[in-house]
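Encoded as structure tokens, the structure appears first; notes follow it.
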Amino acid sequence: LGPPGGFQAPHDPPKLTKEKAIAMLDDLIAGLSKGDFQAKLRRAMRAAGSDTKKIVKARQAACMEVQIPVVANYGFEASFTGVLRSTQAFTKELNADAEVSQKSNTVFWLIDPVIQASSPVPTGPAAVALKTTVELRLP
């Protein structure tokens, strides 16, 4: 039985160590750098046209297919809420780490074809997975 009135406090999201954060980012980079994901993302973004709300929804829908199974492997709920909580688990301290920051930037690059078209492929340790798993053909 839960508390009176049926209200149940949400579970605390799992805590991320630096090692787990890096591993999760590596898994996201591996999934997001696949050619089939990149093609699907570009199709969805083109279909959204110039409508900002449609663009956000299209990107979110495409990314969830990769993000949900990854975050679930790290103890987060296998849902949109789990993805949100996984991002909240990246504390200021984690984000201040150079390797975490570089890998996070690579993830953001991978989910934005506009940035990809205007910026070179990220460099550094985070880009190793990118270079070994996919050769991106930018529009």
Express in nm, to one decimal, how much length is gained between Glu99 and Lys15 on full extension, taking 0.36 nm for each residue of separation and deducting their alpha carbon distance.
28.4 nm
What distance in nm lies between label points placed 7 Å from Cα along the C-beta direction at Ser119 and Ala23?
2.7 nm
Tell me, what is the FRET efficiency for Arg46 and Lys92 to the nearest 0.05, using R0 = 41 angstrom and their Cβ-Cβ distance as r?
0.65
Using a 7 Å offset from the Cα along the Cα-to-Cβ direction at both Thr81 and Asp36, what is the distance between the two label points in nm, to one decimal?
3.0 nm
Probe 1.4 Å, accessible area per residue of the stretch 18-118, Å²
53 Å²
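The values are calculated or read from the model by the stated rules, or taken from the named source; none is laboratory data. These figures come from a predicted structure and were not determined experimentally. Note that we place each Cβ from the backbone using ideal geometry, even for glycine, and neighbour counts take in every protein chain shown. Note: areas computed on protein heavy atoms with side chains; ligands, DNA, RNA excluded. Shrake-Rupley method; radii C 1.70, N 1.55, O 1.52, S 1.80 Å.
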